1. Helices (runs of 4 or more DSSP H) wholly in segment 155-271 with at least 2 residues that are within 29 Å of residue 7 (Cα to Cα) and modelled with pLDDT under 85 - which ones?
2. For segment 72-99: of the residues being at pLDDT 85 or above, in a loop (DSSP other than H, G, I, E, B) and out of contact with any strand residue (DSSP E or B) (no Cβ under 6 Å at 6 or more places or on another chain), which is surrounded by the fewest Cβ atoms within 10 Å (Cβ to Cβ)?
3. With respect to residue 69, is the statement that it is under 22 Å from residue 143 (Cα atoms), in contact with a strand residue (DSSP E or B) (Cβ under 8 Å, 6 or more places away or on another chain) and at pLDDT below 80 true?
């Protein structure tokens, strides 16, 4: 499985008080504060996510910029928006005018400063407004017309907060996935070849070669794997230990995908 590392600048835009800062706080540190604090200038947060595709794992580091929503501060906003590679436009569903402003003001400003970049539109505060409200309907209709993904969220309850970033993340890595070579290396056939592939794959994804090799050595010794004459039973046992190590260094979902793929390779191998 190939591993790629990507860094992207993400910007949240929308009128003042729509909940941009609260959405970021909920996503990055899983906290919500209902006290309104106006962003002075720009605040930047960091969040790492993993996008798992067939034969590809993308470690996406998002630098999330929270830009003040007062329209009068155009110079600060334009400077902060420069270089953005992805945008989340946020509206407050309890204030319909903020929904209209997404297309009439904020989207136009994005296009003027950085051109057409991956964008997601979000209607925040579903804890205060029914999802079938006129504002929500207008937002979803606008997104459909413009071809922009839309979500209804609540920073207070956490509804769709993670999903909005993951949705944008999928779009941001789409070019990497599309550019992935279609021609694959010859798949390992014998058990020894499979073990060789698993060790290389584990070390590549772990990131620290020296530490990764120590983990492999420890897990293989505990499972009784003889590198010269490996048995399927022993290798399968060692894979469980490697998966537990990957849960700490990667994520549980990635570790599970790796474990299932490696188990399949061992079971189908010759010898």
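1. 174-178, 191-206, 209-223, 252-268
2. 82
3. yes
Conditions (1) surrounded by fewer than 20 Cβ atoms within 10 Å (Cβ to Cβ); (2) closer than 20 Å to residue 29 by Cα; (3) in contact (Cβ under 8 Å) with a residue 40 or more places away in the chain, marked per residue:
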{"site": "122", "(1), (2), (3)": "no, yes, yes"}
{"site": "132", "(1), (2), (3)": "yes, no, no"}
{"site": "136", "(1), (2), (3)": "no, no, yes"}
{"site": "139", "(1), (2), (3)": "no, no, yes"}
{"site": "144", "(1), (2), (3)": "yes, no, no"}
{"site": "150", "(1), (2), (3)": "no, no, no"}
{"site": "153", "(1), (2), (3)": "no, yes, yes"}
{"site": "163", "(1), (2), (3)": "yes, yes, no"}
{"site": "166", "(1), (2), (3)": "yes, yes, yes"}
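The values are calculated or read from the model by the stated rules, or taken from the named source; none is laboratory data. Keep in mind the model is a prediction, meaning the values are calculated, not measured. So basically every Cβ, Gly included, is an ideal-geometry build from the backbone, and we count neighbours across all protein chains shown.
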